[in-house]
1. Looking only at region 273-285, decide whether some residue is more than 20 Å from residue 388 (Cβ to Cβ) and either at pLDDT below 95 or outside any loop (DSSP other than H, G, I, E, B) (or both).
2. If only one of 233, 253, 180 is more than 22 Å from the chain's Cα centre (by Cα) and part of a strand (DSSP E or B), which one is it?
3. What number goes with the only condition from (1) exposed (fewer than 12 other Cβ atoms within 10 Å of the Cβ); (2) over 29 Å from the mean Cα position of the chain (by Cα); (3) not in a helix (DSSP H, G or I) that residue 493 does not pass?
4. Read through the list (1) in a strand (DSSP E or B); (2) more than 25 Å from residue 505 (Cα to Cα), then give the number of the only condition that residue 473 fails.
5. Assess whether residue 464 counts as being closer than 16 Å to residue 397 by Cα and either in contact with a strand residue (DSSP E or B) (Cβ under 6 Å, 6 or more places away or on another chain) or surrounded by fewer than 18 Cβ atoms within 10 Å (Cβ to Cβ) (or both).
6. Has region 415-433 got any residue that is more than 23 Å from the chain's Cα centre (by Cα) and assigned to a helix (DSSP H, G or I)?
7. Restricting to region 14-30, give me the number of residues that are over 20 Å from residue 95 (Cβ atoms) and more than 8 Å from the ligand (Cβ to nearest atom).
8. Among (1) buried (at least 17 other Cβ atoms within 10 Å of the Cβ); (2) out of contact with any strand residue (DSSP E or B) (no Cβ under 8 Å at 6 or more places or on another chain), where does residue 506 come up short?
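The values are calculated or read from the model by the stated rules, or taken from the named source; none is laboratory data. Predicted model only: the values in this text are computed from it and were never measured. Note that we place each Cβ from the backbone using ideal geometry, even for glycine, and neighbour counts take in every protein chain shown.
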Ligand code: GDP
């Protein structure tokens, strides 16, 4: 087997998504402990924004610091190289998460057994479904009382529209939690309530649940219950089928308690066997396959330097094909020029190291002085444009004004760079040249104002603007487009890429525009 194929087969690149507080950070940390990437619990910091912390801004800075460190966490396990891509849980940063999901090959969804499927989980899984990303579900916090296992499975099927197949099943919960039965490997895994976090689990081969021995391990009534429930599981759910999972048609489910490091290893052992290796990625031109000779990749995230004295940013690039090499000339496709990278970085938990080579599935951090935008392609020379890295039509809008006339250059530069990072979207209205910022969440307005001041020495003020939605428009018929632009002059703007945008004041205005101009297409993501 060629070297590149060997390396590709070793890689698993995935993301963990959850509603805040379901246990994503805790689970990530336990996975890293298994891989030996970290030694102690508590090493992975939660990148949650606590809305009412002492100062939101300090919280934002703290979070940004952590989020550089935790953007990608790699660890080795059973001879494989596993890359976890971190996704912010806060809903105002959902766009960031959506874009990160374009760089993973599979996803683990964490659900709190007591809270069930929460809102943020629904939105994130919807994006995974659209992209046909294979999903494993981890039901967490079984050491607490929660919903009945079957009810929860129904909820997952209904709200997340996933077909599920439990591969482990809990034995009681809360005070009565005895452990899980691993249906994938036919093993009984016993939970010791007062066991230390890092202690080995007690795992017993147990192929036949009718064996009276089971009663000895978990007690008579729990044993009866487990037998009955496993019988139902086998009857109700389809048999596990790896192909169905990889095609995103079936989601295996595991139960456990991340904080107790319980049930995590069962999931990880299964994950490494079934999760897809780095997958091909579509470009506008053609499908890019990982095993191709030539290197190609795309930027899915940009992170500004925390130190205001250095304007550097880190662009996170997912390698999609070939081998990325340090100090090699590559083509920055959008700018049409060659660049090389002398200190590309990889991330092992909180450690950064310079890498000489990276393979498909890997993520490298490229130091950037303002050349990259989200979605940019880097190749060995071929003009490729990776697809599926969308901007979403924003729902919150404000006019942005320059509050310090002497600093207009700084303001424009700052706004440009923050938009490249994907913090928000900037529209310039054709009729009066006014600048409007659109975001998916309200927190971004604070972030922009704060960062403009701290990193660019510029100050901005906001003014309310009455808008319901901004959507991109396109049309094949020149005459119809011309008429539309003429009639809706006041509502036309351009985004920072020069694309046409329609600003709708209300849902009704949008509907009217759609009805009156049937030849115009209205798009709610910038990918079309
Ligand atoms: P995130 O917001 O999804 O990253 O959630 P965290 O990992 O920060 O966890 C949120 C809270 O739930 C923390 O206080 C954790 O200690 C707690 N937690 C995580 N896993 C478990 C678990 O298995 N059982 C219990 N009882 N608490 C847990």
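1. Yes: one or more hits.
2. Sole residue among the options that is more than 22 Å from the chain's Cα centre (by Cα) and part of a strand (DSSP E or B): 180.
3. (1)
4. If we test residue 473 against (1) in a strand (DSSP E or B); (2) more than 25 Å from residue 505 (Cα to Cα), just (2) comes out false.
5. yes
6. yes
7. 1
8. Residue 506 satisfies all of (1) buried (at least 17 other Cβ atoms within 10 Å of the Cβ); (2) out of contact with any strand residue (DSSP E or B) (no Cβ under 8 Å at 6 or more places or on another chain) except (1).
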